[in-house]
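Notes for the one structure printed next.
The values are calculated or read from the model by the stated rules, or taken from the named source; none is laboratory data. Just so it is clear, the structure is predicted and the values come from calculations on it, not from any experiment. With ideal geometry, Cβ positions are generated from the backbone for all residues, glycine too; neighbour counts draw on all protein chains shown.
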Amino acid sequence: MDYPVRYDVIVVGGGHAGTEAALAAARAGSKTLLLTHNTDTVGVMSCNPAIGGIGKSHLVKEIDALGGAMARATDKAGIQFRTLNSRKGPAVRATRAQADRALYRAAIRQIVENQPNLDIFQAACDDLIVAGDGIGSTVQGVVTNTGMRIFATSVVLTTGTFLGGVIHIGMENHKGGRAGDPPSIALAERLRAMPFNVGRLKTGTPARIDRRSVDFSVMQEQPGDTPLPVMSFMGSVDEHPEQVSCYITHTNEQTHDVIRNNLDRSPMYAGVIEGVGPRYCPSIEDKVMRFADKDSHQVFVEPEGLTSNELYPNGISTSLPFDVQLQLIHSMRGFENAHITRPGYAIEYDFFDPRDLRHSLETKFIHNLYFAGQINGTTGYEEAGAQGLLAGVNAALRAQEKDIWVPRRDQSYIGVLVDDLITMGTKEPYRMFTSRAEYRLVLREDNADLRLTEIGRELGLVDDQRWAAFNAKRDAIEAESQRLKTSWVQPNTEAAKQLEALGEAAISHEYNLHDLLKRPKLTYADVAGLKGEPVDNPQVAEQVEIQAKYDGYIARQLEEIEQLRRYENTALPEDLDYEAIGGLSNEVKQKLNQVRPATLGVASRISGITPAAISQILIHLKKNK
Ligand code: FAD
């Protein structure tokens, strides 16, 4: 049977990529269907209920600046907020929130259910409807597990860890998408029969523990930060639910002995798991073996929610058998009598080589088919959400026959993420770090809205309320910077004495407040009130301070970006014959042929493509104009 409605965009999967994709497509004006296994699991967090962290909160705030849901849901669900790297510069500062799992899911569901242009339908997608055969064919819709055909112009697949998913606990394994959910087998087989390059990855999660069986008195308490951070540019601390503490305990020699003595029962070390795991979120087995000289690792004991007794012991993800999990947990301080509510496990799943995608996240082989999230080899809710938003808006733009949007590396972490994936691919689950971005000082989490909200508005992603708030903020920053530049402190005045009280030397001539703010020890709060009234909006004050303090560095970075952009956007014809370009080594030609970069900038970032090779291509392009 055919579904009675035809859609512009169908998004398959109601995880973090899927919800942002569906919301973005709908906001951009396309009639959208979110098709997912189970409508009750929309917005479920498969692993730790935590959002943000270093590099990741940059993505969350960019999603937010483009009108997405993740940051808004975090503000409604966060039960412990922290600012990480608070003593370092603003480029690497990050916000992290421990969320209440149930509140987060409810917040996402509420946003999804109330989005105009968006329908939800519960079914498994087992197949794609494709016109034509193989490379160059066009997707036209999906087929559900009951054989129903649903037609659409664009389809976005965001199936997470579900494709060909296999769950491992010790030597036992079974098929599953994540604990308690079915895998996607039929769709995985269908995709494997298509011309995509497929690989296997794995990820894992720790056992969960009943808080009533834990002795917190021997652990170190870790309360949230004051003042309470906020995740969304539209959020406020008043939205946050009750705040609670996390705790810290440690593994010890006994824990490590338990692990070493049972490695033959670890599916990873016994060679049962072939997929590569996340380097930066390794299992406890991996940590003990890789860092053999360390006799202890930190374990963050994090609540799963305000109304749940379950705790997430962050740092001991494992696929060892249950009896070994019990021993290793009981070996830690405070966990001696811990009751495990759910065993830890590892999951192996199919992912597709993201080098087979365009920068819009459309597949190169099948027109109008987009992939986003863990299916592209990434790990993390934030990485998934960012790709989802991009794929969703581009699927909508395609359906409306409009130009696609490709975020640049110098403009956003979303741009860095997608460019890294598409040009370099990945052999292990990819996660975001600030070190992946070349222009960190410009791409701060605090200015994501100033970088992206205007673009989001043009794409139709930003509603009137956010747009009005953004404009008011931007105007206020401008006005306040101007006020500081034109407010002067003269020597031997009351304001000058206040400066001296702050530890500054007596001034010998007049200074404006903006120049005073550039001094390392002075903050906005110190100088803004020396003359006139400071602003009371902390977001505005923060921007004014950062822009003043890093003025010179930011200007230099913008200049570098401009220089690079001169050739960054030079288009490379799709049919460019790299064999015909003199001076390129065989290796370089092979890589260029494999990636087929759309621009010189993309070509320059392919590993092994040297500046000399870029000049050869430039010369060739000029000669053949
Ligand atoms: P998911 O959140 O997995 O969502 C996929 C959605 O698609 C689900 O709603 C599913 O029901 C639906 N779906 C799948 N197939 C179909 C189909 N055929 N038809 C209809 N619906 C379908 N991330 C970290 O950053 N660190 C970690 O340590 C970590 N550990 C993890 C451990 C485990 C065991 C798991 C399962 C995940 C872990 N993650 C971790 C990853 C994190 O959960 C994902 O990165 C994130 O959820 C990916 O989002 P997604 O939207 O791509 O997919």
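With respect to the numbered conditions (1) in contact with a Ser or Thr (Cβ under 9 Å, 6 or more places away or on another chain); (2) polar (S, T, N, Q); (3) under 17 Å from Ser487 (Cβ atoms), which one is the sole condition not fulfilled by Thr523?
The failed condition is (1).
So the check is Cβ under 7 Å with 6+ separation or different chains; which pairs have a first residue in the stretch 259-284 that's over 21 Å from Val299 (Cα atoms) and away from the ligand (no atom under 16 Å from the Cβ) and a second one that's among the hydrophobic types (A, V, I, L, M, F, W, C) and outside any loop (DSSP other than H, G, I, E, B)?
Qualifying pairs under 7 Å: Arg265/Val324; Tyr269/Leu263.
Tell me, please, whether a residue that is surrounded by 23 or more Cβ atoms within 10 Å (Cβ to Cβ), on the phi > 0 side of the Ramachandran plot and not polar (S, T, N, Q) can be found in the stretch 28-43.
The answer is yes; a qualifying residue exists.
Collect the residues in the stretch 368-407 that are buried (at least 24 other Cβ atoms within 10 Å of the Cβ), in a loop (DSSP other than H, G, I, E, B) and either without any contact (Cβ under 8 Å) to a residue 40 or more places away in the chain or more than 8 Å from the ligand (Cβ to nearest atom) (or both), keeping them in residue-number order.
Within the stretch 368-407, none qualify.
Output the qualifying pairs, or none if there are none: Cβ atoms under 8 angstrom, residues six or more apart or on different chains, first residue in the stretch 113-135 and closer than 14 Å to Lys31 by Cα, second residue among the polar types (S, T, N, Q) and away from the ligand (no atom under 16 Å from the Cβ).
The qualifying pairs are Asn117/Ser30.
Among the residues of the stretch 552-583, write down those that are surrounded by fewer than 11 Cβ atoms within 10 Å (Cβ to Cβ) and farther than 15 Å from Asp410 by Cα.
Across the stretch 552-583, the qualifying residues are Gly552, Pro573, Glu574, Asp575, Glu579, Ala580, Gly582.
From Ala71, Ala22, Ala17, grab the single residue that is more than 16 Å from the chain's Cα centre (by Cα) and not in a loop (DSSP other than H, G, I, E, B).
Numbers: Ala71 fails: more than 16 Å from the chain's Cα centre (by Cα); Ala17 fails: more than 16 Å from the chain's Cα centre (by Cα).
When all the criteria are applied, what remains is Ala22.
What are the residues in the stretch 141-182 that are free of Cβ contacts under 8 Å to residues at least 60 places away in the same chain and either within 19 Å of Asn376 (Cβ to Cβ) or crowded, with 18+ Cβ neighbours inside 10 Å (or both), if any?
Val143, the sole residue that qualifies.
Confirm whether Arg82 is at pLDDT 95 or above and either within 16 Å of the ligand (Cβ to nearest atom) or within 29 Å of Asp463 (Cβ to Cβ) (or both). Please lay out each step first, then the result.
Numbers: at pLDDT 95 or above: yes; either within 16 Å of the ligand (Cβ to nearest atom) or within 29 Å of Asp463 (Cβ to Cβ) (or both): no.
When the stated conditions are applied, Arg82 does not pass them.
Do you know which residues across the stretch 430-448 are part of a helix (DSSP H, G or I) and closer than 19 Å to Asp64 by Cβ?
Thr434, Ala448
Looking only at the stretch 8-63, count every residue that is of a type in the set (D, E, K, R) and within 11 Å of the ligand (Cβ to nearest atom) and tell me the total.
3
Would you confirm whether any residue within the stretch 412-422 is free of Cβ contacts under 8 Å to residues at least 12 places away in the same chain and either touching a Leu at 6+ places or on another chain (Cβ under 6 Å) or not basic (Lys, Arg) (or both)?
yes
Can you tell me which condition Leu328 does not meet? The list is (1) assigned to a loop (DSSP other than H, G, I, E, B); (2) away from the ligand (no atom under 16 Å from the Cβ); (3) in contact with a Ser or Thr (Cβ under 8 Å, 6 or more places away or on another chain), and all the others hold.
Tallying (1) assigned to a loop (DSSP other than H, G, I, E, B); (2) away from the ligand (no atom under 16 Å from the Cβ); (3) in contact with a Ser or Thr (Cβ under 8 Å, 6 or more places away or on another chain), Leu328 fails exactly one: (1).
Restricting to the stretch 136-168, name every residue that is among the β-branched types (Val, Ile, Thr) and either at pLDDT below 95 or away from the ligand (no atom under 11 Å from the Cβ) (or both).
Thr138, Val139, Thr146, Ile150, Thr153, Val155, Val166
Report yes if some residue within the stretch 433-446 is more than 16 Å from the chain's Cα centre (by Cα) and among the small types (Gly, Ala, Ser); otherwise report no.
The answer is no, given that none of the residues of the stretch 433-446 is more than 16 Å from the chain's Cα centre (by Cα) and among the small types (Gly, Ala, Ser).
Can you name the number of the only condition in (1) of a type outside the set (Val, Ile, Thr); (2) more than 14 Å from the ligand (Cβ to nearest atom); (3) surrounded by fewer than 15 Cβ atoms within 10 Å (Cβ to Cβ) that Phe196 fails?
That leaves (3) as the condition not met.
Go through (1) touching a Ser or Thr at 6+ places or on another chain (Cβ under 9 Å); (2) closer than 30 Å to Val92 by Cβ for Lys591 and report which single condition fails.
(2)
Give the number of residues within the stretch 291-318 that are polar (S, T, N, Q), in contact with a Ser or Thr (Cβ under 8 Å, 6 or more places away or on another chain) and within 12 Å of the ligand (Cβ to nearest atom).
Final tally of qualifying residues: 2.
Given the conditions (1) within 16 Å of the ligand (Cβ to nearest atom); (2) loosely packed, with under 15 Cβ neighbours inside 10 Å; (3) among the basic types (Lys, Arg), and given that Arg212 satisfies all but one, which numbered condition is not satisfied?
(1)
Just one of Glu221, Glu242 is acidic (Asp, Glu) and either surrounded by 21 or more Cβ atoms within 10 Å (Cβ to Cβ) or in contact with a Phe, Trp or Tyr (Cβ under 7 Å, 6 or more places away or on another chain) (or both); which is it?
So the residue among Glu221, Glu242 that is acidic (Asp, Glu) and either surrounded by 21 or more Cβ atoms within 10 Å (Cβ to Cβ) or in contact with a Phe, Trp or Tyr (Cβ under 7 Å, 6 or more places away or on another chain) (or both) is Glu221.
Name every residue in the stretch 74-102 that is outside any strand (DSSP E or B) and β-branched (Val, Ile, Thr), in order of residue number. Before the answer, list the steps.
Of all residues in the stretch 74-102, those outside any strand (DSSP E or B) come to 74-77, 85-93, 100-102.
Selection gives Thr74, Val92.
Could you list all residues from the stretch 563-588 that are in a helix (DSSP H, G or I) and either more than 26 Å from the chain's Cα centre (by Cα) or farther than 26 Å from Val416 by Cα (or both)?
Across the stretch 563-588, the qualifying residues are Gln563, Arg566, Tyr567, Tyr578, Glu579, Ala580, Asn586, Glu587, Val588.
Quick check on the stretch 507-518. Is at least one of its residues out of contact with any Gly (no Cβ under 6 Å at 6 or more places or on another chain), over 17 Å from Arg474 (Cα atoms) and part of a strand (DSSP E or B)?
yes
I'd like the full set of residues that are away from the ligand (no atom under 16 Å from the Cβ) and part of a helix (DSSP H, G or I), limited to the stretch 103-126.
Result: Leu103, Gln110.
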